[in-house]
Amino acid sequence: MRISRYVPLLAIGAALLAPAHASAQIYAWRDGNGTLVLSDRTIDAPTDVYVVEGAPTFRTTRPNQPAVVGDRIDPERFDSLVVEHANRHALRPELVRAVIQVESGFNPRARSVKGAMGLMQLMPATALALGVRNPYDPDDNIRGGTAYLRQLLDRYDGNEELALAAYNAGAGAVDRHGGRIPPYRETVDYVHKVGSAAGKDGATRLANSKRIVYKTIELVDGRLVPRYTTERPASGTDFETMHP
């Protein structure tokens, strides 16, 4: 991976922060004052940084706060992850948020009677196929769920309603019904609920056309800010290419 020359990327070894998996990657950026900013993910949206208690020269991209506030699930707790993974797979963030709302009500510990798990309610076989190690981890779950949505949208030529029907009932059910929404009450209601929450504007909305997107990252006023363009950056500038 290459990113903007303005923000050098350093891979910090596992011994630095003792991550849960030996293969975990820690990224670090230094701001203009030399403060070290640590993250366990690349940045795909403007991201605030937070002071690490007891370590004034360190910042992190995630605050130390619970996902649940009192007895209430806080949807905004996961919004940076939604935007990050939606952008990575060229999905509308509104669509991903709507799926999470209908699937789990933003409860990362949700489990259905059929065994679907986490925020985007991944079935065990689906999670395994997508390389999701911990479906109850919000980052891992949203990563897998958005990748699955992208696969379904590609399969049905960007038709969000068919992709949602397949997400709920399985692609086999959609195919058996001639590429139409299966006439199951649960599936019909699901497509309507998610579509309404996502603000769909037609059954055949093309969520994303295929293109190459160039990405650089800059550190601006204490925030990590990604820049995207469909035009190749000027010669000599480091960048990351994305292929939605």
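Tabulated values for the structure
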| item | result |
| --- | --- |
| Members of the range 143-181 found to be β-branched (Val, Ile, Thr) and in a helix (DSSP H, G or I), listed by number | THR146, VAL174 |
| Scan of the range 173-219 for residues that are modelled with pLDDT of 90 or more, of a type in the set (Val, Ile, Thr) and in contact with a Ser or Thr (Cβ under 8 Å, 6 or more places away or on another chain), ordered by number | ILE181 |
| So ARG143, is it touching a residue at least 24 places away in the same chain (Cβ under 8 Å), out of contact with any strand residue (DSSP E or B) (no Cβ under 8 Å at 6 or more places or on another chain) and of a type outside the set (A, V, I, L, M, F, W, C) | yes |
| The lone exception for ASN159 - which of (1) outside the structural domain of THR60 (by TED's automatic domain parsing); (2) modelled with pLDDT of 65 or more; (3) closer than 21 Å to VAL82 by Cα; (4) loosely packed, with under 15 Cβ neighbours inside 10 Å it fails | (4) |
| Filter pass, GLY178 being over 18 Å from VAL194 (Cβ atoms) and without any contact (Cβ under 8 Å) to a residue 12 or more places away in the chain | yes |
| Any hit, the range 150-167, residues being free of Cβ contacts under 8 Å to residues at least 24 places away in the same chain, out of contact with any Asp or Glu (no Cβ under 9 Å at 6 or more places or on another chain), at negative phi and acidic (Asp, Glu) | yes |
| The range 75-86 - residue that is of a type outside the set (D, E, K, R) and buried (at least 21 other Cβ atoms within 10 Å of the Cβ) and, of those, farthest from TYR136 (Cα to Cα) | ALA86 |
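The values are calculated or read from the model by the stated rules, or taken from the named source; none is laboratory data. The shown structure was predicted, so the numbers you read here are calculated from the model rather than taken from an experiment. Note: ideal-geometry Cβ built from the backbone for every residue, glycine included; neighbour counts use all protein chains shown.
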